[in-house]
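To keep things clear, I will list the structure first and then write my remarks on it.
The values are calculated or read from the model by the stated rules, or taken from the named source; none is laboratory data. For clarity, every value in this text was computed on a predicted model and none was experimentally measured. In this analysis, Cβ positions are derived from the backbone assuming ideal geometry, glycine residues included, and neighbour counts consider all displayed protein chains.
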Amino acid sequence: MASDQAKATKRSKRGVPEGLWQRCPGCKRVIFGKEAEKRLGVCPECGHHFYLSAKDRINQLLDSGTFTEWDAHLRPTDPLEFRDKKAYVDRLQAEQKRTGLSDAAITGSGMIRARRVAIGVTDSAFIMGSMGSVVGERLARLVERATKDDLPVIIVSGSGGGARMHEGMLSLMQMAKVSAALARHDQHGGLFISVQTNPTMGGVAASFAALGDVVFAEPEALIGFAGPRTIEATIRVELPKGFQTSEFQLEHGFVDRIVPRNKLKSEIARVIDYCGK
Amino acid sequence: MDTMHPGLAFEQPIYDLIVARQELEKLPEIPATVEDEIRRLRREEAEITKRIYGNLTPWQTVQVARHKNRPHTSDYLSLVCEEFVELHGDRRFGDDRALITGFAKIDNAKILIVGHQKGKTYKERSACFFGCAHPEGYRKALAKMKFAAKFGMPVVCLIDTPGAYPGVGAEERGQSQAIAENMYEMSRLRTPIICVVIGEGGSGGALGIGVGDNIAMLQHAYYSVISPEGCAGILWKSHEFAEQAATALRFTSKDLPGLGVVDDVIEEPLGGAHRDQHQMATRLKAYLSKSLRQLREKPLDELLEARYQKFRRMGVFLDNGKA
């Protein structure tokens, strides 16, 4: 299920522009790092949306100082004793050290323009943002608590990896688990806004990210089910330009609105108001 | 059952014995000593088959699950069901041949069957993309399942797919959305659902018809988050490591009940389902009849709560340091 990495061309890999000067992967122009940062991680020249960490996303979206993290104490483990070229336990440790995250999702509650929400964000820097047991459990608990407290759910997905291979079928089943929790939320009249960002693929695209009452996407994100390399290998033709982008998803009816990063907060607030939540 | 057919490489010792025995059986007259020899060959064949099939590696299991003579949904429709009334089309785009749906009767119980279809001949196989469904297949399945629920018919899903189809059309028509919606709706569909992995349980393509009250798999089926080849390509950077990936992924019927992913394992005849379709069908039918009876007795609200909790419990992680 885990899908290919985003194609290198045109899209940024993880890696925030740091340092004084940066080359934008979108327009290849050299830009002033601070300038992009001031624009929420968007290239001032071409509007390219850089990778954003889950923490930065939460800071951008929520009113300052309102975020309370939920279920931060959950930790991944290694139920399959999985080993490829590297043992999964070692991979986990290395990723935790590199990203400062315990796993690929942060969940909690906070305010968006003074509206209380339950929010989850997946971070594509942690094993491709893939969903294992901890990501699934944090999201399921988030949704269940939001249902109980009558809060709108916002999930911002940045997951190129889909269901995490290293936890095998347990990962695949997180798709069903989170989807089932969202179905109950829906049954109780709860609102769910899904925000798809670069990249949203595989088992994440094929579960919660697709199930929003409203689905937003950031511009030019890679969004799809099968990875482009898998498709090319199967059908042996070159993929059309713009295939599996946010714009492609909008054109085919799977995204309600493409929302640039600087508008995301106000657009979310507006949907919450329309739904009376 | 004993007809010669090209088997899998690791089955060669079994087929050697079958060939030797069949040679003897061809003799116009069979003297007593040859009869003894035939009996001995039969015994040896059974012993070797038991030894080989009792110790299949995960990679061998994958080969058995993909065996060209392994019974498919179409075989079970004729061997398990007294009747099958196919219902075509998703009312939106088309009629996916990789996922077939229709009314059926098992021991006179009226049910809806949803099953992946792999095809037998090359023509059939390419018409159904080798069992890889498109979004219209998942949408057809959901539409018919809702129809079944409306009239109180339980649903039986037979899962046998390498995965959902990876292609341009599938993406254009929302493969992700179709699979997601199926899980979402199946988790709350107000009728009993039994899911059985009969061959390949390929990732999201399997789970798209895989949410239910009883999740079962045949003994030599496999059910995996990703194909072993795909996993090897990503993590080992080469498909040649598929065998290692198959072991690492822990996707056989020996692993999955312990992980809480599969409720029941249906034992296969000696030498695998492809050696004796009729016996396999009898066992599957017995399992389905029993499960249908049990699930029908439960009040629907209880059933749905148990279904939710089953999936809710899946996952292994540390909570305050405890697993």
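One table, with the values for the structure above:
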read-out: Helices (runs of 4 or more DSSP H) fully within the stretch A:222-277 counting 2 or more residues that are within 14 Å of another protein chain (Cβ to nearest Cβ) and surrounded by 13 or more Cβ atoms within 10 Å (Cβ to Cβ); value: A:228-235, A:246-251
read-out: Selected residue [in contact with a Ser or Thr (Cβ under 6 Å, 6 or more places away or on another chain) and more than 13 Å from chain A (Cβ to nearest Cβ)] from B:L270, B:L295; value: B:L270
read-out: Subset of the stretch A:34-46 (residues that are within 14 Å of A:R261 (Cβ to Cβ) and not in a helix (DSSP H, G or I)); value: A:R39, A:L40, A:G41, A:V42, A:C43, A:P44, A:C46
read-out: Matching option when the condition is assigned by TED's automatic domain parsing to the domain that holds B:L295, small (G, A, S) and in contact with a strand residue (DSSP E or B) (Cβ under 9 Å, 6 or more places away or on another chain), among B:G131, B:G94; value: B:G131
read-out: Residue within the stretch B:259-274 that is in contact with a helix residue (DSSP H, G or I) (Cβ under 7 Å, 6 or more places away or on another chain), without any contact (Cβ under 8 Å) to a residue 40 or more places away in the chain and not in a helix (DSSP H, G or I) present; value: yes
read-out: Test result for B:K140, among the basic types (K, R), away from chain A (no Cβ under 13 Å) and over 30 Å from A:S246 (Cβ atoms); value: no
read-out: Among (1) β-branched (V, I, T); (2) touching a Pro at 6+ places or on another chain (Cβ under 7 Å); (3) part of a loop (DSSP other than H, G, I, E, B), the one test that A:I31 misses; value: (3)
read-out: Cβ-Cβ under 7 Å pairs, at least 6 apart or on other chains, the stretch B:58-72 side over 11 Å from B:R275 (Cα atoms) and touching a residue at least 24 places away in the same chain (Cβ under 8 Å), far side among the charged types (D, E, K, R) and part of a helix (DSSP H, G or I); value: B:W59/B:E243
read-out: Selected residue [in contact (Cβ under 8 Å) with a residue 12 or more places away in the chain and away from every other protein chain (no Cβ under 14 Å)] from A:S102, A:S109, A:S133; value: A:S109
read-out: Those residues of the stretch A:60-73 which are in a strand (DSSP E or B) and either within 14 Å of another protein chain (Cβ to nearest Cβ) or in contact with a helix residue (DSSP H, G or I) (Cβ under 6 Å, 6 or more places away or on another chain) (or both), in sequence order; value: A:W70
read-out: Residue match in the stretch A:186-196 (condition: at the interface with chain B (Cβ under 9 Å from one of its Cβ atoms), under 18 Å from the mean Cα position of the chain (by Cα) and β-branched (V, I, T)); value: no
read-out: Qualifying residue in the stretch B:147-159 (condition: more than 8 Å from every other protein chain (Cβ to nearest Cβ), surrounded by fewer than 22 Cβ atoms within 10 Å (Cβ to Cβ) and at positive phi); value: yes
read-out: Matching strands (runs of 3 or more DSSP E) fully within the stretch B:157-241 where at least 3 residues are farther than 25 Å from B:S289 by Cα and of a type in the set (D, E, K, R); value: none
read-out: All positions within the stretch B:175-210 that are at the interface with chain A (Cβ under 9 Å from one of its Cβ atoms), without any contact (Cβ under 8 Å) to a residue 40 or more places away in the chain and closer than 28 Å to B:A286 by Cβ; value: B:L207
read-out: Selection within the stretch A:162-183 - over 18 Å from B:R190 (Cα atoms) and at the interface with another protein chain (Cβ under 7 Å from one of its Cβ atoms); value: A:A163, A:M165, A:G168, A:M169, A:L170, A:S171, A:L172, A:M173, A:Q174, A:M175
read-out: Single unsatisfied condition, A:C43 versus (1) within 25 Å of A:G136 (Cβ to Cβ); (2) not assigned by TED's automatic domain parsing to the domain that holds A:E167; value: (1)
read-out: Options A:A146, A:A125, A:A94: the member that is among the hydrophobic types (A, V, I, L, M, F, W, C), more than 12 Å from chain B (Cβ to nearest Cβ) and free of Cβ contacts under 8 Å to residues at least 12 places away in the same chain; value: A:A94
read-out: Some residue of the stretch B:86-103 being out of contact with any Pro (no Cβ under 7 Å at 6 or more places or on another chain), free of Cβ contacts under 8 Å to residues at least 24 places away in the same chain and of a type outside the set (A, V, I, L, M); value: yes
read-out: Test: A:V42 is more than 30 Å from B:F251 (Cβ to Cβ), crowded, with 18+ Cβ neighbours inside 10 Å and more than 14 Å from chain B (Cβ to nearest Cβ); value: yes
